[in-house]
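S.K.: Here it is: the structure, laid out below.
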Amino acid sequence: TMLNHVLKKIVGGKGLELKVKDPEQYEFRPKEMLRDLCAIFALFASYPEIQMECARIECTPADLRMAVAKCKKYNLLTGESMAAFEALPDLVENATHTIQADEELAKDAPDEFMDALMFSMMTDPVILPSGNCVDRKTIAQQLLNDPIDPFNRVEMTMDDVKPAVELKARIEQWLQEKRAARDAAMNVGN
């Protein structure tokens, strides 16, 4: 999320054209910062988990395409790094479509698959000390704000959560079946 935020600030508007009175005093080098950010994105661009996470945090293909254009303009990345980074916007766009399609499937998900706090479908369910199930990212965010179990107000840390392995397997199985049914219906229509 932080990388995406900084990327948007640098490539949006006049980010690379910002002037600072004494840039070396502040070590303000936006082109180097953009190069480093894009190199990080390029390094992980081929990982489906990164593509999906970029789509989830609204790291938009448009922002990524702007970053690609700036990298080309200023020759910030070359070779394999540039090729990997250049592919990322389309990969994130595909991931966005997958997420949207899965969100449609999740509309009729069983209640046991829903996060007890956010009432969104869980992808990585965990069991809290209180016995309630939430998605790992939900409780991780909650604990950053307040280190307590939100259901019983008892202090806790991420070390206190237990993976809900069987529930995760049921969720994945249910999603696979729903995706297969959706894909079969789409193939019948073609």
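S.K.: Looking at E177, E103, can you tell me which residue is part of a helix (DSSP H, G or I) and either within 19 Å of I57 (Cβ to Cβ) or polar (S, T, N, Q) (or both)?
M.R.: Only one candidate passes the filter, namely E103.
S.K.: Kindly evaluate E24 against the criterion of being assigned to a loop (DSSP other than H, G, I, E, B), open to solvent by 50 Å² or more (accessible area, probe 1.4 Å), closer than 15 Å to L3 by Cα and at pLDDT below 90.
M.R.: no
S.K.: Of all residues in segment 154-190 being basic (K, R) and at pLDDT 95 or above, which is least open to solvent (accessible area, probe 1.4 Å)?
M.R.: For segment 154-190, the residue satisfying everything is K168.
S.K.: Any residue at all in segment 39-46 that is more than 12 Å from L7 (Cα to Cα), at pLDDT 95 or above and either over 22 Å from the mean Cα position of the chain (by Cα) or open to solvent by less than 80 Å² (accessible area, probe 1.4 Å) (or both)?
M.R.: yes
S.K.: All but one of (1) over 22 Å from E49 (Cβ atoms); (2) open to solvent by 60 Å² or more (accessible area, probe 1.4 Å) hold for L76; state the number of the condition that does not hold.
M.R.: (2)
S.K.: Is it the case that E80 is part of a helix (DSSP H, G or I), among the charged types (D, E, K, R) and within 18 Å of D135 (Cα to Cα)?
M.R.: No: the conditions fail for E80.
S.K.: Are any residues in segment 136-152 open to solvent by 50 Å² or more (accessible area, probe 1.4 Å) and in contact with a Ser or Thr (Cβ under 6 Å, 6 or more places away or on another chain), and if so, which ones?
M.R.: If the condition is that a residue be open to solvent by 50 Å² or more (accessible area, probe 1.4 Å) and in contact with a Ser or Thr (Cβ under 6 Å, 6 or more places away or on another chain), then F151, N152 are the ones that fit.
S.K.: Next up: Looking at segment 60-77, which of its residues are more than 14 Å from T96 (Cβ to Cβ) and charged (D, E, K, R)?
M.R.: Once the filter is applied, which keeps residues that are more than 14 Å from T96 (Cβ to Cβ) and charged (D, E, K, R), segment 60-77 yields K70, K72, K73.
S.K.: Which residues, counting only those in segment 118-140, are within 14 Å of the chain's Cα centre (by Cα), among the β-branched types (V, I, T) and not in a helix (DSSP H, G or I)?
M.R.: T123, the sole residue that qualifies.
Yes/no matrix, rows are residues, columns are (1) over 30 Å from N152 (Cβ atoms); (2) open to solvent by less than 50 Å² (accessible area, probe 1.4 Å); (3) free of Cβ contacts under 8 Å to residues at least 40 places away in the same chain; (4) charged (D, E, K, R):
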| position | (1), (2), (3), (4) |
| --- | --- |
| E32 | yes, no, yes, yes |
| E58 | yes, no, no, yes |
| E80 | yes, no, yes, yes |
| D108 | yes, no, yes, yes |
| F113 | no, yes, no, no |
| M121 | no, yes, no, no |
| V134 | no, yes, yes, no |
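The values are calculated or read from the model by the stated rules, or taken from the named source; none is laboratory data. These numbers come from a predicted model, not from an experiment. Cβ atoms come from the backbone with ideal geometry, glycine included; neighbour counts cover every protein chain shown. Just so you know, the surface numbers come from the protein's heavy atoms only, side chains and all, with ligands and any DNA or RNA stripped out. Shrake-Rupley method; radii C 1.70, N 1.55, O 1.52, S 1.80 Å.
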